[in-house]
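Below is one structure; the comments refer to it alone.
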Amino acid sequence: MIAEENLSANLLKKWKKLKNRLKEHSSLVVAYSGGVDSSFLLKTAVLLNPETSIGVIAQSPSLSKKEFDFAIDLAKKHALPIEIITTTELEDKNYTNNDLNRCFYCKSDLFSHLLKFAAKNQYEYIADGTNFDDIKGHRPGHKAAQEKNILSPLLECELTKTEIRELSKMLNLETHDKPAMACLASRVTSGTEITESILKIIESAEDVLYKLGFRRFRVRYHENGSLARIEFNMNEIEKALSPQMRQNIHDKLVNTGFQYVTIDILGYQTQPKKYS
């Protein structure tokens, strides 16, 4: 039984609104990635409409194997029905050119595939995990969702990331404290062409840091791959700067393909810095 008595009045109101919204759109495909928002949305949809809700995850070079495997395992653990599709964003020069609208082209490709899946399998609606915090600033991915008539129930109910984490904890979802995880392409400096080989280098470098015990960080790709700039969460920078760890990080990241390795003293940033 889901315990709701500990929710604030405001959050309880939003939670009830979300459930009503999902009941109205019971035949639903959820764009699933294993992240905080899409996991919560899919879990809620399946609780309410177990026979007519499904998550669809895209197997893409932009999603690391570690994140993909986590999403698959989470779905199995919570008995969430999912299907796997393959997206084709790397075939679109608008995407690989990597300008400030890269996310628009990536999401447009994803939603086009989801629309085909929904039509083929007779689902009426498609929803993504855009939340109320996501509409701040430049959000080309949300523009793509609007153009494709994709529902954003978390946004409609004004649920913030913090509130979604609280509700996820109530639903016993491991994602309630999962760090935000943007796609691998977000690590590449704007204007540098996105290629599958670049994404694999970044993925390998980040795998190294996970295995060394770090939890929240980004490996930013600069100077055509000669420079890796690592942003660590501030509480992990001291660990990274210890002499032995510093050498370890350097040697292992050079082995992945970088020539120089730096640690950003300002730490982890949700928006990559812009360089001229």
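Which of the residues that make up region 68-80 are surrounded by fewer than 20 Cβ atoms within 10 Å (Cβ to Cβ) and in contact with a Leu (Cβ under 9 Å, 6 or more places away or on another chain)?
His78
Need the failing condition index for Val261 against (1) at pLDDT 95 or above; (2) touching a His at 6+ places or on another chain (Cβ under 9 Å); (3) part of a loop (DSSP other than H, G, I, E, B), just the number.
(3)
If you check Ala185 against the conditions, is it small (Gly, Ala, Ser), assigned to a helix (DSSP H, G or I), within 29 Å of His138 (Cα to Cα) and touching a Lys or Arg at 6+ places or on another chain (Cβ under 8 Å)?
Yes; evaluated as a whole, the condition is true for this residue.
Among the numbered criteria (1) assigned by TED's automatic domain parsing to the domain that holds Asn20; (2) modelled with pLDDT under 95; (3) not charged (D, E, K, R), which single criterion is violated by Thr189?
(1)
Out of Leu253, Leu266, which single residue is in a helix (DSSP H, G or I), closer than 14 Å to Arg218 by Cα and touching a residue at least 12 places away in the same chain (Cβ under 8 Å)?
Leu253
Only one of these is out of contact with any strand residue (DSSP E or B) (no Cβ under 9 Å at 6 or more places or on another chain), on the phi < 0 side of the Ramachandran plot and loosely packed, with under 15 Cβ neighbours inside 10 Å: Gln146, Gln122. Name it.
Exactly one of Gln146, Gln122 is out of contact with any strand residue (DSSP E or B) (no Cβ under 9 Å at 6 or more places or on another chain), on the phi < 0 side of the Ramachandran plot and loosely packed, with under 15 Cβ neighbours inside 10 Å, namely Gln146.
What number of residues within region 171-182 satisfy the criterion of being assigned to a helix (DSSP H, G or I) and buried (at least 17 other Cβ atoms within 10 Å of the Cβ)? Steps first, answer last, please.
Looking only at region 171-182, we keep the residues that are assigned to a helix (DSSP H, G or I), and these are 174-177.
Those still in the list that are buried (at least 17 other Cβ atoms within 10 Å of the Cβ) too: 175-176.
So the answer is 2.
Pull up region 193-207, narrow it to residues that are acidic (Asp, Glu) and in a helix (DSSP H, G or I), then point me to the one that is nearest to Asp92 (Cα to Cα).
Residue satisfying both the conditions and the ranking: Glu196.
Please go through region 218-250 and give me each residue that is in a loop (DSSP other than H, G, I, E, B) and of a type in the set (A, V, I, L, M), ordered by number. Break it down stepwise before answering.
Applying the first criterion (in a loop (DSSP other than H, G, I, E, B)) to region 218-250 yields 226, 233, 241-242.
Correct list: Leu241 only.
Could you run through region 104-153 and say how many residues are within 16 Å of the chain's Cα centre (by Cα), assigned to a loop (DSSP other than H, G, I, E, B) and not β-branched (Val, Ile, Thr)?
Of the residues in that region, 5 qualify.
Within region 193-249, can you find the residues that are among the polar types (S, T, N, Q), surrounded by 13 or more Cβ atoms within 10 Å (Cβ to Cβ) and at pLDDT 95 or above?
Result: Thr195, Ser204, Asn248.
State whether the residues of region 49-59 include one that is free of Cβ contacts under 8 Å to residues at least 40 places away in the same chain, within 22 Å of Tyr210 (Cα to Cα) and either of a type in the set (S, T, N, Q) or surrounded by 23 or more Cβ atoms within 10 Å (Cβ to Cβ) (or both).
Within region 49-59, the first condition is being free of Cβ contacts under 8 Å to residues at least 40 places away in the same chain, and the residues that meet it are 49-51, 53, 55, 57, 59.
Filter again for within 22 Å of Tyr210 (Cα to Cα), leaving 59.
Add one more test, that the residue is either of a type in the set (S, T, N, Q) or surrounded by 23 or more Cβ atoms within 10 Å (Cβ to Cβ) (or both), and what stays is 59.
Yes: region 49-59 contains one or more residues that are free of Cβ contacts under 8 Å to residues at least 40 places away in the same chain, within 22 Å of Tyr210 (Cα to Cα) and either of a type in the set (S, T, N, Q) or surrounded by 23 or more Cβ atoms within 10 Å (Cβ to Cβ) (or both).
Mind counting the residues in region 1-57 that are among the hydrophobic types (A, V, I, L, M, F, W, C), in contact with a Ser or Thr (Cβ under 9 Å, 6 or more places away or on another chain) and not in a helix (DSSP H, G or I)?
Going through region 1-57 one residue at a time, the tally reaches 5.
Check Lys14, Lys43 and return the single one that is within 24 Å of Asn121 (Cα to Cα) and either hydrophobic (A, V, I, L, M, F, W, C) or assigned by TED's automatic domain parsing to the domain that holds Leu115 (or both).
Just one listed residue meets the conditions, Lys43.
Scan region 84-94 for residues that are of a type outside the set (Lys, Arg) and either over 17 Å from the mean Cα position of the chain (by Cα) or modelled with pLDDT under 95 (or both) and jot them down.
Thr88, Leu90, Glu91, Asp92, Asn94
Right, Glu158: over 17 Å from the mean Cα position of the chain (by Cα), farther than 30 Å from Asn255 by Cα and either at pLDDT 95 or above or surrounded by fewer than 20 Cβ atoms within 10 Å (Cβ to Cβ) (or both) or not?
Values: over 17 Å from the mean Cα position of the chain (by Cα): yes; farther than 30 Å from Asn255 by Cα: yes; either at pLDDT 95 or above or surrounded by fewer than 20 Cβ atoms within 10 Å (Cβ to Cβ) (or both): yes.
So Glu158 fits the description; yes.
The values are calculated or read from the model by the stated rules, or taken from the named source; none is laboratory data. Quick caveat: nothing in here was measured; it's all calculated off a predicted structure. Note that each Cβ is placed from the backbone with ideal geometry, even for glycine, and that neighbours are counted across all protein chains shown.
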